[in-house]
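In what follows, a single structure is set out as structure tokens and then discussed.
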Amino acid sequence: MELTGDIARPLRLTVADLRDWPEHEADVSFDCASSGIQHHHFRGPLLYDVLRAARPAFDPASRRERLRFLIAVTGLDGHLALLSWAEIDPDFGRAPVLLATRIDTTPLDAYGPQLVLPQDRCGARHISAISAIRTTSHPGWHPGSHPGGK
Ligand SMILES: Nc1nc2c(c(=O)[nH]1)N[C@H]1C(S)=C(S)[C@@H](COP(=O)(O)O)O[C@H]1N2
Ligand SMILES: [Mo]
């Protein structure tokens, strides 16, 4: 999995590398439009912790800069979902999104990590075999024209 974009430290990470971060666990149920309700137990680091290690190109003290940061997660098959930094930031949505290294009793080393969003009702964002995470600081439509403070 490659981690690129508006970050100071691009990273290439295997599933084994992801186990270097503190791992969290989640029991997740989600509904799939085609196969119904699924239940899985996932384990893996927080997406937030892994992205912070790549040093996103914003001033961490600036809430305004964090609000424009986007995270595009892609699977090997091209399945893609966009998340915002604010969704996983403890100051905002604080969603405990994981990069799973294991689903139920199966380690994901041979497949690639899986995105896990315990808060989602649908399964569609639980992207498996993640190949890339690309980040962008959205430039806005009227750069420099924002009045006000932090
Ligand atoms: N890479 C990839 N991940 C994917 C999908 C996909 O098409 N490609 N489908 C999603 C959808 S629609 C659902 S419901 C869940 C299905 O998870 P399951 O196969 O474990 O039931 O995976 C998600 N992750
Ligand atoms: Mo689905």
All conditions in (1) at pLDDT below 95; (2) open to solvent by less than 70 Å² (accessible area, probe 1.4 Å) are true of Pro139 except (2)
Per the filter on segment 32-52, residues within 11 Å of ligand 1 (Cβ to nearest atom), open to solvent by 40 Å² or more (accessible area, probe 1.4 Å) and farther than 17 Å from Ile103 by Cβ are Ala33, Ser34
Ala95 fails exactly one of (1) farther than 25 Å from Arg66 by Cβ; (2) out of contact with any strand residue (DSSP E or B) (no Cβ under 8 Å at 6 or more places or on another chain), namely (1)
Note: among Leu99, Leu67, just one is modelled with pLDDT of 95 or more and either within 16 Å of ligand 2 (Cβ to nearest atom) or touching a Gly at 6+ places or on another chain (Cβ under 9 Å) (or both), namely Leu99
Scanning segment 44-68 residue by residue, those among the charged types (D, E, K, R) and closer than 24 Å to Met1 by Cα turn out to be Asp49, Arg52, Arg55, Arg66, Arg68
ask   = Looking at this structure, is Arg121 surrounded by fewer than 20 Cβ atoms within 10 Å (Cβ to Cβ) and within 16 Å of ligand 1 (Cβ to nearest atom)?
value = yes
* Test: residue in segment 108-115 that is modelled with pLDDT of 95 or more, open to solvent by 40 Å² or more (accessible area, probe 1.4 Å), touching a helix residue (DSSP H, G or I) at 6+ places or on another chain (Cβ under 9 Å) and within 16 Å of ligand 1 (Cβ to nearest atom) -> yes
Filtering segment 25-49 for residues that are within 16 Å of ligand 2 (Cβ to nearest atom) and either under 15 Å from the mean Cα position of the chain (by Cα) or at negative phi (or both) leaves a count of 12
Could you tell me whether segment 68-81 includes any residue that is away from ligand 1 (no atom under 11 Å from the Cβ), of a type in the set (Phe, Trp, Tyr) and without any contact (Cβ under 8 Å) to a residue 60 or more places away in the chain?
no
In segment 120-141, anything within 16 Å of ligand 2 (Cβ to nearest atom) and either of a type in the set (A, V, I, L, M) or assigned to a loop (DSSP other than H, G, I, E, B) (or both) is listed as Asp120, Arg121, Gly123, Ala124, Arg125, His126, Ile127, Ser128, Ala129
The residue that is least open to solvent (accessible area, probe 1.4 Å), considering only those in segment 53-88 that are in contact with a strand residue (DSSP E or B) (Cβ under 9 Å, 6 or more places away or on another chain) and among the basic types (Lys, Arg), is Arg66
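The values are calculated or read from the model by the stated rules, or taken from the named source; none is laboratory data. Small disclaimer: the values here were computed from a predicted structure and weren't measured. Every residue, glycine as well, gets a Cβ built from its backbone with ideal geometry; the counts of neighbours run over all protein chains shown. Surface areas here come from the heavy atoms of the whole protein model, side chains and all, with no ligands, DNA or RNA. Shrake-Rupley method; radii C 1.70, N 1.55, O 1.52, S 1.80 Å.
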